[in-house]
Amino acid sequence: MQETESVENYLKTIWDLETRTGRAITGDLARCLEVAPASVTGMLKRLSTRGLIKYRPYQGATLAAEGRRTAVRVVRRHRLIETFLVEVMQVPAGLVHDEAERWEHVISDDMAERMDVLLGRPLVDPHGAVIPRDEDPEPGAGS
């Protein structure tokens, strides 16, 4: 199922926080996503109801299997796009993050795979972050 941009951003951010701290706490999510804590709480409840995360009030959230698959797919796209922009389009690395934030939600899995092949299946993005494989849904460093 194709998720909304907002859902993808939440899952990606939970993935990143879970990688660094073991779970995503409401306040940390609110800071990262630049939204109110009450908005985060509402979204966490919806994501939990859909089975994308495991959420306990005041304890934080962790990704369920389907949420992890979606998060990894978005992180993978983001990092491949950054690499494509630097390597193929010669965009300076310092300028690619915001563009990748926009593209990661609209390219298809097929286009991401084509980018991966064209780039020679890189292991890391221009910033040194590991590009996760779809078949390896364990968290990696940063986004």
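What is the sum of charges, Lys and Arg at +1 and Asp and Glu at -1, for the other residues whose Cβ falls under 12 Å from the Cβ of Val40? Neighbourhood net charge equals +1.
Between Arg114 and Arg31, the contour length at 0.36 nm per residue exceeds the alpha carbon distance by 26.5 nm.
Residues in the range 66-73 carry Karplus couplings, in order, of 5, x, 5, 4, 5, 4, 4, 4 Hz; the curve used is 6.51 cos²θ - 1.76 cosθ + 1.60 with θ = phi - 60°, and Gly or Pro positions show x. Rounded to two decimals, the Cα radius of gyration of the range 74-118 over 2.2 N^0.38 Å is 1.01. With both labels modelled 7 Å from their Cα along Cα-to-Cβ, the Val106 to Asp134 distance reads 2.1 nm. The simple Förster model, with R0 at 25 Å and r as the Cβ-Cβ distance, assigns Gln59 and Thr4 a FRET efficiency of 0.50. Here the chain is treated with +1 on each Lys and Arg Cβ and -1 on each Asp and Glu Cβ, and its dipole about the Cα centre works out to around 680 debye. When only alpha carbons of the range 5-67 are considered, Rg and Dmax amount to 9.9, 26 Å.
If I take R0 = 30 Å and measure r between the Cβ atoms of Asp98 and Val124 in this structure, what FRET efficiency does the formula 1/(1 + (r/R0)^6) give, to the nearest 0.05?
0.95
Out of every Cα-Cα pair in the chain, what percent are more than 20 Å apart? Counting pairs separated by more than 20 Å, the tail of P(r) holds 44 percent.
Taken along the Cα-to-beta-carbon direction at a fixed 7 Å, the label points for Met89 and Thr49 span 3.7 nm.
Each residue of the range 51-65 was assigned a 3J(HN,Hα) from its phi angle through the Karplus curve 6.51 cos²θ - 1.76 cosθ + 1.60 (θ = phi - 60°); the sequence is x, 8, 9, 10, 10, 10, x, 6, 10, x, 10, 10, 7, 7, 4 Hz, with glycine and proline shown as x.
Each other residue within a Cβ distance under 9 Å of Val75 adds +1 if Lys or Arg and -1 if Asp or Glu, for a net charge of +3.
A short reminder: the numbers here are calculations on the coordinates, not readings from a lab. These figures come from a predicted structure and were not determined experimentally. Reconstructed Cβ throughout: ideal geometry from the backbone, glycine too, with neighbour counts over all protein chains shown.
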